[in-house]
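Reviewing the structure listed below.
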Amino acid sequence: MKVAIVGVGIHRFGRTEGVSGLDQGAYAVRQALADAGVEFDDIQFAYGGSDSAGNADTLVSSLGLTGLPFINVSNGCATGGSALTSAVSRIRSGESDLGLVVGFDKHPRGAFNARPEDNGLGRWYGESGMMVTTQFFAMKIQRYLVEHNLPKSLLATVAAKAFRNGALAPHAWRRTPLSEEDIVGSTMVSDPLTQYMFCSPAEGGVALVLARADRAHKYTDTPIFLEAAELRSRRFGSFEVFSPWTSPARADGPTVTASRAAFESAGIEPGDIDVAQIQDTEAGAEIMHLAETGLCKHGEQEALIRSGATEIGGPIPVNTDGGCLANGEPIGATGLRQVYENVMQLRGAAGDRQVPGEPKVGFTHVYGAPGISACTVLTR
């Protein structure tokens with residue numbers, strides 16, 4: 001049984017003083033319900049999550065005490081993708097016809113406060129400084145650039161695109177374009193990554209209403225179909241966030257296996273994608289994930305990016321709303337923001353950032369610690 005997205009809602013990302021993460025989630029839910037033309041009473045089940053803003057199931061206090069099953073999901077940065085995958089499975093099974101997925105967060109300023117013990121590691125790992133993810137990402141992109149003969153300057157090119165695109169997205173946090181020179185000249189955080197090459201912990205909320213595809217037109221004239229929603233974890237030999245060691249034998253990471261599964265499930269190839277949202281915790285992540293998702297080959301990123309192919313008007317637009325770099329990362333909401341953006345693009349409703357040519361196929365990829373990836377393929 002196919003699944004369709006029939007309603008979407010978003011609370012703007014960034015910082016919203018005086019509004020709790022739960023309230024931002026509730027705002028997004030009300031938008032999504034209105035978009036689908038339904039009431040909360042009509043929703044048969046819900047999945048939702050946040051990392052630091054409370055349990056999603058407590059949203060029923062403000063949305064309605066209807067008795068529906070509401071499952072809390074926690075899976076790092078892949079929380080939203082995990083919630084969506086679970087919801088899709090429930091509808092495909094025939095157990096329910098109409099459901100809700102919501103993700104939100106409200107992180108304090110500063111770095112994410114990850115604890116080694118929560119990730120199966122001893123306290124020594126934190127004391128070594130390696131729980132600071134900026135160091136991990138810097139080491140990973142350093143190795144990647146050398147192995148594939150890519151220049152450091154490509155990092156600033158990717159970040160500048162993100163801020164240009166974010167300036168066109170009303171829900172984005174960072175809406176001021178920055179030049180590559182400004183980005184390179186900003187404070188060095190972990191070589192080769194500067195301040196403006198990283199995303200920041202943020203706030204925001206996103207909600208989706210899902211329905212059986214054969215009943216989608218009951219709720220909307222513009223259903224977007226979920227052809228695939230796949231989730232994978234790390235394998236032995238892959239080098240992931242919070243890895244205390246590296247194996248001499250190297251294996252594909254969860255981004256490779258999740259994206260491959262999504263394309264196989266949808267029956268398409270990466271070359272069929274018209275618009276893509278991929279995880280860009282920092283600028284290097286976008287470069288690596290372009291190849292790991294199959295959108296290009298390793299080492300081809302410089303030619304692809306320099307040609308303008310990943311710009312909004314290019315043949316494979318990537319992170320059209322500015323991605324995590326421009327939006328920040330509220331952990332519970334990030335994966336769903338990507339889906340929201342592709343829904344708007346496939347509907348032709350993305351405004352100033354609309355991809356030309358009536359895109360028909362969208363792809364999303366989210367990656368989270370300690371090695372989880374969720375990918376979707378959407379069509380109209």
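The values are calculated or read from the model by the stated rules, or taken from the named source; none is laboratory data. What you see is a predicted model, and the numbers here were worked out from it, not measured in a lab. All Cβ positions, even for glycine, are placed from backbone atoms using ideal geometry, and neighbour counts span all protein chains on display. With ligands, DNA and RNA removed, areas are computed over all heavy atoms of the protein, side chains included. Shrake-Rupley method; radii C 1.70, N 1.55, O 1.52, S 1.80 Å.
From the list ALA369, ALA303, ALA374, the lone residue that is in contact with a helix residue (DSSP H, G or I) (Cβ under 9 Å, 6 or more places away or on another chain), more than 21 Å from TYR196 (Cβ to Cβ) and surrounded by fewer than 24 Cβ atoms within 10 Å (Cβ to Cβ) is ALA369. Strands (runs of 3 or more DSSP E) fully within the range 1-120 that include at least 3 residues being among the hydrophobic types (A, V, I, L, M, F, W, C) and either open to solvent by 10 Å² or more (accessible area, probe 1.4 Å) or within 22 Å of MET344 (Cα to Cα) (or both): 3-14, 98-106.
Return yes when SER247 is at pLDDT below 95, hydroxyl-bearing (Ser, Thr, Tyr), under 18 Å from the mean Cα position of the chain (by Cα) and surrounded by fewer than 22 Cβ atoms within 10 Å (Cβ to Cβ) and no when it is not. No, not satisfied. What about PHE225, is it in contact (Cβ under 8 Å) with a residue 24 or more places away in the chain, under 26 Å from LEU378 (Cα atoms) and either hydrophobic (A, V, I, L, M, F, W, C) or in a helix (DSSP H, G or I) (or both)? When the stated conditions are applied, PHE225 passes them.
Taking first residues from the range 247-273 that are over 18 Å from HIS289 (Cα atoms) and partners that are open to solvent by 70 Å² or more (accessible area, probe 1.4 Å), the Cβ contacts under 8 Å between residues at least 6 apart in sequence or on separate chains come to SER247/PHE236; ALA249/PHE236. Looking at the range 81-103 only, could you name the residues that are within 15 Å of GLY335 (Cβ to Cβ) and touching a helix residue (DSSP H, G or I) at 6+ places or on another chain (Cβ under 9 Å)? Of everything in the range 81-103, those that are within 15 Å of GLY335 (Cβ to Cβ) and touching a helix residue (DSSP H, G or I) at 6+ places or on another chain (Cβ under 9 Å) turn out to be GLY81, SER82, ALA83, LEU84, VAL101, VAL102, GLY103.
Tell me which residues, restricted to the range 228-256, are assigned to a loop (DSSP other than H, G, I, E, B) and among the polar types (S, T, N, Q). Scanning the range 228-256 gives SER238, SER243, THR246, SER247. Whenever a residue of the range 103-116 is within 12 Å of GLY76 (Cα to Cα) and at pLDDT 85 or above, its partners that are buried (at least 24 other Cβ atoms within 10 Å of the Cβ) and among the β-branched types (Val, Ile, Thr), lying with C-beta atoms within less than 7 angstrom and at least six residues away or across chains, give the pairs GLY103/THR79; GLY103/VAL206; ASP105/ILE331. Scanning the range 101-153 for residues that are under 20 Å from GLY49 (Cβ atoms) and among the aromatic types (Phe, Trp, Tyr) turns up PHE104, PHE112.
Could you tell me whether VAL146 is in a helix (DSSP H, G or I), over 18 Å from the mean Cα position of the chain (by Cα) and of a type in the set (A, V, I, L, M)? Judged against the criteria, VAL146 is a match. Taking the criterion of being open to solvent by less than 80 Å² (accessible area, probe 1.4 Å) and touching a helix residue (DSSP H, G or I) at 6+ places or on another chain (Cβ under 6 Å), the residues of the range 180-190 that qualify are GLU180, ILE183, SER186, VAL189, SER190.
The single condition among (1) farther than 26 Å from GLY357 by Cα; (2) open to solvent by 60 Å² or more (accessible area, probe 1.4 Å) that PHE239 does not meet is (2). Scanning the range 306-322 for residues that are open to solvent by less than 20 Å² (accessible area, probe 1.4 Å) and closer than 25 Å to ARG12 by Cα yields a total of 7. Of all the criteria given as (1) buried (at least 22 other Cβ atoms within 10 Å of the Cβ); (2) in a loop (DSSP other than H, G, I, E, B), the one not satisfied by SER259 is (2).
In the range 274-300, what residues are surrounded by fewer than 23 Cβ atoms within 10 Å (Cβ to Cβ) and out of contact with any Lys or Arg (no Cβ under 8 Å at 6 or more places or on another chain)? The answer is CYS296, LYS297, HIS298, GLY299, GLU300. I'm checking my understanding of the structure. Among residues of the range 323-345 that are of a type in the set (A, V, I, L, M, F, W, C) and open to solvent by 10 Å² or more (accessible area, probe 1.4 Å), which one is modelled with the lowest pLDDT? Once the filter is applied, the top-ranked residue is ILE331. Would you confirm, using the coordinates I've provided, whether GLY362 is at pLDDT below 95, of a type outside the set (S, T, N, Q) and open to solvent by less than 10 Å² (accessible area, probe 1.4 Å)? Spelling it out, it is not the case that GLY362 is at pLDDT below 95, of a type outside the set (S, T, N, Q) and open to solvent by less than 10 Å² (accessible area, probe 1.4 Å).
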